[in-house]
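**Student:** Please find one structure pasted underneath; my questions will follow.
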Amino acid sequence: MSDSAKAAAGKRFTVDTEGLDWRRREPVPLPTTLVAAKRAFYERGFHGTSIRDIASRAGVSLPTLYYHHDNKLGILVELLEAAMTSVLAWVGAAIEEGRTPSEKLSNAIESIVLHMTSDLELASVASEFRHLDPEDPRREPYIAMRTETENMLADVIQAGLDSDEFRFDQDVKDVLRYLFGACQAVTTWYRPSGARTPAEVAASYASIALRVVGAQSTKNDD
């Protein structure tokens, strides 16, 4: 993790992966107000949620809510940071466990999809990023962590190309956009009440990712 991403990640939330299985992660601990907000945003969207709705769900008064948070946009920023802190930490742990580019990519995609399926409410907050003004400096920590995550995967894919383990003709950035877009889209259709578990969906998407990059070996190869 770069120094800039570390600084960004350490602003409000931390995720300690030391000695933990990245497939069995714990949710990012959130205060009651943020739990209420992520549920409201998931159900009603950012614009459809009022600050009063968040306070009501959290069981606090408006003055109390404003004591802890700047405003509704500030709450969104905090949720975005919490989500990206989790993604960055667990993807890093997943990549570190891999021995080959195929294993590293498979692990990374599994980790991202597990983030999407294990906490749909928090993962879905990423789609609300568009509500932040491009000039709003509060965007920077989230962008720094997102960029760091993208760079980690780009390095893995490039290593696979350099070693001839991955074979494809498309631009690496285009492949990355495709993979991240596919992972993010999981939040639009996955439901915990469905037939597939988070682990099953994650494993399936990891397998698809290896096919996308033309992997010549898999994580199960010796």
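Bear in mind that the values in this text are calculations on the coordinates, not laboratory data. None of the values given here were measured: they were computed from a predicted structure. With ideal geometry, Cβ positions are generated from the backbone for all residues, glycine too; neighbour counts draw on all protein chains shown.
**Student:** Name the residue, out of Ser56, Ser102, Ser118, whose mean-square fluctuation peaks in a Gaussian network model built on the chain with Cα pairs under 10 Å.
**Tutor:** Among Ser56, Ser102, Ser118, the largest GNM mean-square fluctuation belongs to Ser56.
**Student:** Relative to the longest principal Cα axis of the chain, at what angle does helix 32-44 sit, 0 to 90 degrees, rounded to 10?
**Tutor:** 70
**Student:** Next question. I'd like the orientation of helix 172-189 relative to the chain: the angle between its Cα long axis and the longest Cα principal axis, in ° from 0 to 90, rounded to 10.
**Tutor:** 50
**Student:** Per residue and in cubic angstrom, what volume does the convex hull of the Cα atoms of segment 72-114 have? Can you show the working numbers first?
**Tutor:** Numbers: hull volume 2.2 nm³, N = 43.
Roughly 52 Å³ of hull volume per residue.
**Student:** Is any residue of segment 17-57 close enough, with backbone N under 12 Å, to a label point placed 7 angstrom from the Cα of Ser193 along the Cα-Cβ axis, and if so, which?
**Tutor:** none
**Student:** Amide H to amide H under 5 Å from Ala215: which residues, 5+ apart in sequence or cross-chain, H placed 1.01 Å off N in plane?
**Tutor:** Result for Ala215 returns Arg167.
**Student:** Test of understanding: given the chain, find the longest segment containing no GluC sites (Glu not before Pro) that are in a DSSP loop and have at most 10 other Cβ atoms within 10 Å.
**Tutor:** With GluC sites (Glu not before Pro) excluded where exposed in loops, the chain gives 19-134 as its longest stretch.
**Student:** Looking at segment 163-203 from every direction and averaging, what is the projected area of its Cα convex hull in nm²?
**Tutor:** Over every viewing direction, the Cα hull of segment 163-203 projects on average to 4.0 nm².
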